[in-house]
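The values are calculated or read from the model by the stated rules, or taken from the named source; none is laboratory data. What you are looking at is a predicted structure, and each value in this text was computed from that prediction instead of being measured. Counting neighbours? That spans all protein chains shown, and the Cβs are built from the backbone with ideal geometry, glycine included.
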Amino acid sequence: MLARHTLEKQADRLSTLDYCNMEPVDIVLFEEGDTRAESGYRTKNAPGDVARNVLIDRGESLVLRASLASVTNGDFTPEKDAASLLVFEFNFLSMNSGRRFKKAAITLTFDDASGDLRNRPEVWAIAPQGKIAINKTTTTKDVKQGFNAGVSAGFSGASGELGYVWEASQVQEKVHATTLSGTKRLIGSDFGKDNSALWTIEEDAVTKAGLPSFLRAAVLLRRRDDVPFQFTICVEYDTDLKGVFKRLIGQEKPDPVDPVQLDSETDLDELGIATLGEGKVDRSNMKEMDIAKQADVVLATLLTVPA
C-alpha cells in the first residue's frame, strides 16, 4: 500500500495536475496551504456519509479545488414543484510561477438518488451561461513587403540593372481572449430535459497567461418531487506540459470521484455548506430569481501580493 501511494504521488508530480459579456472581478487570493482535515486529495465521502463540501482537492505545483459552497432549497413556483440552488466554487491555482493551466472542462450531472427517471432533477438555469470573452485584446501586426522596379541594360558586352525599391505596409489585427463557455445539456439519456451543466475555460492562445484562478458558478434545479437527488462531477484539464491530459470523473477510473447526495433533510451546517439567507432569496418562487446575481457569480485572477 505504501509503495502504491508513493507511485501515485510520483505520477501526480509528473503530470502536475493537468485537470480534466461578464465583467471580471478581481479577488485577492493568497497562496497559502490549507491545513484543514478535509483538505488534500479529497474526492471521497467520509465513511457513512453521502455528501461533502470539498468535491476535489488535488495537486502540488498546480492545484485544482472544487467545492460545493451553498445549497438553498425552496419552491420552484408557489403552486408547483421543489427547487434547489447550488453554488460551486472552482480554484485553478499555480503554486509555481513557471506552470499554468491551459484548459479545463467541468461537467455536473444530476440524477434522482434512487434512479427514478421520473424524479430526475431538471437543470433549469446555470450561471455563467453562453460564451464570454475575458480580457479581450487586439494585437496589431505591421506586415511589410518590398517591391523592386528596374531597367536592365546591356552594352559593350556587359549588363546591369538600374532601379529602385519601395516598401508597402499592411496592418493586420487579431482579436484574442481567454474564453469561458457555459451551457446546459442532456447527458446519459435519450429523452427528457437537461440534466447537466457544463463549463469550459480556455486560456488566451496568444498571451498564454493561463486560466483565471477562481470561478464561482450556480445551478438552479427544478425538482418534480422533494426527494433525494445526487450529482456527479467530472473535470478534464490540460496544462503547459505537452502530451499530458488528466481526467477526474465521478464513479469511473482512473480517478474516481464519489457522487454527492442531497435532500431537504441534509444537515448542511454539519457538512460546512452554507445556505443563502431568507432576505436574499425568495424561496417561495425560485423560478424568477436572477441566479447570477443571487449567487454572486464571479471570475477572478490570482494576484501575487508581496509579504
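Brief remarks on what is shown
- Residues within segment 105-121 that are in contact with a Lys or Arg (Cβ under 6 Å, 6 or more places away or on another chain) and over 13 Å from LEU86 (Cα atoms), tallied: 3
- Residues (within 17 Å of ASN135 (Cβ to Cβ) and in contact with an Asp or Glu (Cβ under 7 Å, 6 or more places away or on another chain)) located in segment 191-209: ALA209
- Of all residues in segment 232-248, those being buried (at least 20 other Cβ atoms within 10 Å of the Cβ) and at pLDDT below 85 number 2.
- Single residue of segment 176-190 satisfying the filter (in a strand (DSSP E or B), in contact with an Asp or Glu (Cβ under 9 Å, 6 or more places away or on another chain) and among the small types (Gly, Ala, Ser)) that is farthest from ALA127 (Cα to Cα): ALA177
- Those residues of segment 249-299 which are of a type outside the set (Val, Ile, Thr), modelled with pLDDT under 85, closer than 20 Å to ARG58 by Cα and touching a strand residue (DSSP E or B) at 6+ places or on another chain (Cβ under 9 Å), in sequence order: GLY250, GLN251, GLU252, PRO254, ASP255, PRO256
- The residues on offer are VAL151, VAL227, VAL165, and the sole one that is modelled with pLDDT of 90 or more and out of contact with any Lys or Arg (no Cβ under 8 Å at 6 or more places or on another chain) is VAL227.
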